[in-house]
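Since the structure comes first, as structure tokens, the remarks are kept for the end.
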Amino acid sequence: MASESNLSRHGEGVEGRSGNSPASFRAGLVSTLALAPGVIAFALVYGFTARQVGLSSGQTWLMSLAVFAGAAQFSALQVWSTSGGGMVVLVTLVVNLRYLLMSASIAPYLRGLSRGRRMLAAFTLSDESYALATARYAAGSGSSAYLLGANLGLYFQWGMASLAGALLARALPDLGPYRLDLIFPLAFLGLLVPLVRDRISFVVAVVAGGLALAGSVLLPGKWYIVLSGLAASLVGVASEVRWKHS
């Protein structure tokens with residue numbers, strides 16, 4: 001994850017020039033087309049899985065439109081038939097806690113927006129649109145319009161493909177052997193690699209990845225996602241302070 005200070009150095013002041021440009025919004029929409037194969041494949045698998053655990057097509061689609069978080073939705077499906085509604089909500093909350101960190105890092109660029117547009121940006125924010133937007137801000141050409149375009153492009157892809165997966169569930173074969181579930185994280189990894197531009201971001205990436213892998217084995221639930229992100233962020237701040245004054 002790119003640090004907020006790094007983004008601020010590269011993207012400061014861009015909103016005032018092109019933040020509301022329709023061209024920036026279209027650019028955000030277009031940028032998601034490269035991700036469409038992975039998003040659609042992952043959403044199809046979600047729709048298929050949701051039907052297998054007993055959700056109707058309407059319920060499957062409603063979850064995608066209301067939650068819009070692939071990892072959380074799959075985690076919720078894992079406990080859907082064995083736990084009560086409270087556990088489903090808790091699992092979804094824990095898995096999505098990482099959005100606190102992501103939203104905090106991108107919030108400075110949305111200060112000039114109306115409350116409604118900030119709420120829309122927050123609700124439709126995803127891992128992939130965050131990575132696209134932060135890379136754009138780091139390059140000095142980021143804008144809220146680009147972020148919203150990327151958000152809504154992915155929201156549309158995810159919603160429609162989820163519905164398609166649910167409707168086609170009866171005709172589709174077992175998708176497990178094809179490991180389509182790997183497409184989504186691999187696509188996101190491809191987005192993150194270009195953000196590792198200096199030794200601080202490299203250290204943060206290594207620490208976050210190492211802690212996440214260790215935590216997934218040693219810690220229960222999905223807390224390792226948030227804890228590894230917080231720990232890596234602290235390491236990034238400490239490294240920046242140390243190297244800046246060395």
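Readers should treat all values here as calculations from the given coordinates under stated rules, not as data from a laboratory. Because the structure is a prediction, the values reported are computed rather than measured. Virtual Cβ from ideal backbone geometry, glycine too; neighbours counted across all protein chains shown.
Which order results if M119, M160, M102 are arranged by neighbouring Cβ count within 10 Å, fewest first?
Result, fewest neighbours first: M119, M160, M102.
Order by neighbour count: E128, E240, fewest other Cβ atoms within 10 Å first, most last.
Fewest-to-most Cβ neighbours within 10 Å comes out as E240, E128.
Using a 7 Å offset from the Cα along the Cα-to-Cβ direction at both R242 and L33, what is the distance between the two label points in nm, to one decimal?
Placing both labels 7 Å beyond Cα along the Cβ direction yields 4.5 nm.
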